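Encoded as structure tokens, the structure appears first; notes follow it.
The values are calculated or read from the model by the stated rules, or taken from the named source; none is laboratory data. In this text, all values refer to a predicted model and were calculated from it rather than measured experimentally. Cβ coordinates were reconstructed from backbone atoms using ideal geometry, including for glycine residues, and neighbour counts include every protein chain displayed. The accessibility values were calculated without ligands, DNA or RNA, using every heavy atom of the protein model including side chains. Shrake-Rupley method; radii C 1.70, N 1.55, O 1.52, S 1.80 Å.
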Amino acid sequence: MKKRKLGNSGLELAPLALGGNVFGWTIDEPASFQVLDAFVATGFNFIDTADMYSTWKPGNKGGESETILGNWMKKSSNRQKVLIATKVGMDMGAGMKGLSKDYILRAAEASLRRLQTDYIDLYQAHTDDTTVPLQETLEAFAQLVKQGKVRAIGASNYTAPRLSEALDVSKKHGLPRYESLQPLYNLYDRADYETNLEPICRQNGIGVIPYYSLASGFLTGKYRSESDLAKSARGTGVKKYLNARGFRILEALDQTARKYNSTPAKISLAWLLTRPTIAAPIASATNVTQLRELLDATNLNLDRESTELLDQASASSLSLSV
């Protein structure tokens, strides 16, 4: 399998990242282990999580996903075979949030403990914190890199102006720069990334690992009416896609899936992999069967006709009819 470089980080990842948001939320530890085992058994190596996964589940306090990952790596003795990406900054409760230097350093230690490792391959600012100077945030990351606790840093949910400013601050002060960006980007959610963020990523050689690659499951095709929304815990996040443009996209996905004897989910991920700057889409799976379908998408090579059909059906200019 051909690995892809993530910016100038030195990290090389297989072309699909496993999302760890479901660990400790919609699947328990044994089921998570099964998915993780199957993921690495097929040669894939990049797993994305965050300290606050999954605070939203009643009874959880955050750190559940990292804890499961840590237990799995300890049991499997395979830390060297995987790249672990985690994040800091979103609200963990009890005032634990933000990107101040003090908080980043404390949060990193907590993540390392849960992950049962002495380094994080990619440590990401989960969301921008405009209350803290970018220089302070980047100095915290620089200290972690110098200590060998972090190999590379990335940004998630940054606006284009703030990403540009962060890159300038890194350059000006000789600090590590964000080598990756984790934005919302998929066949439906295109406009902001392609208009504002993609040019910056191309110009600076930043690797992109988009989240919600399947639009919370909408692009799998299993949600085609409001009555379908009860099919999973994530269904409520799909309602916004049930409109004229969304249905056009599903129609194009169905047509392309028939052509390749494939599925809408595979076609959606294959489309992302045709896009410049995309290193690896992030997708989560709750069982091994679902995982294998996602991984199989990396073997699909869409021809120009199919790519153009999907581009036209999902063009952001069509969003005026939403």
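With the simple model of a label 7 Å out from the Cα in the direction of the Cβ, ARG202 to GLN147 spans 3.9 nm.
Pairs exceeding 28 Å between alpha-carbon atoms, taken from LYS87/LYS222; LYS5/LYS266; LYS2/LYS259; LYS5/LYS171; LYS74/LYS171; LYS171/LYS266: LYS87/LYS222; LYS74/LYS171; LYS171/LYS266. In a fully extended conformation the segment linking GLU165 and ASN287 would gain 39.9 nm over its present Cα-Cα distance, using 0.36 nm per residue.
Normalised by 2.2 N^0.38 Å, where N is the number of residues, the C-alpha radius of gyration of the range 71-137 stands at 1.22. Across the chain the C-alpha pair distances fall into 10 Å bins from zero in the proportions 6, 27, 35, 24, 7, 0 percent.
For the chain, adding -39500 (n - 2.57) for each run of n ≥ 4 DSSP H residues and dividing by the number of residues yields -12000 deg cm²/dmol at 222 nm. Across the accessible surface of the chain, with the other protein chains kept in place and a 1.4 Å probe, carbon and sulfur atoms take up 49 percent.
Annotation: per residue accessible area for the chain equals 43 Å², rounded to a whole number [probe 1.4 Å, protein chains only].
Looking at the calculated P(r) for the range 221-322, what percent of the C-alpha pair distances fall above 15 Å? Tail of P(r) above 15 Å: 66 percent of Cα pairs. Computed extension gain for ALA315 through MET1, at 0.36 nm per residue and net of the alpha carbon distance, reaches 109.9 nm. Computed on the range 1-52, the Cα convex hull volume stands at 81 Å³ per residue. With the gyration tensor restricted to C-alpha atoms of the range 122-231, the semi-axes of the equivalent ellipsoid amount to 32, 15, 12 Å, longest first.
Taking packing as the residue-averaged number of other Cβ atoms within 10 angstrom, the listed peptides 252-261, 15-24, 282-291 run from highest to lowest as 15-24, 282-291, 252-261.
With bins 10 Å wide beginning at 0, the percent of Cα pairs of the range 140-293 falling in each bin runs 10, 34, 30, 17, 8, 1. Counting only the Cα atoms, the range 1-117 fills a convex hull of 108 Å³ per residue.
Spin-label model, ALA41 to LYS74: label points 7 Å out along the Cα-to-beta-carbon direction sit 2.4 nm apart. Each Lys or Arg adds one and each Asp or Glu takes one away; over the other residues whose Cβ falls under 15 Å from the Cβ of SER76, this sums to +2. How tilted is helix 244-260 with respect to the longest principal axis of the chain? Cα atoms for both, answer in degrees (0 to 90, nearest 10). In the chain, helix 244-260 runs at an angle near 80 degrees to the longest axis.
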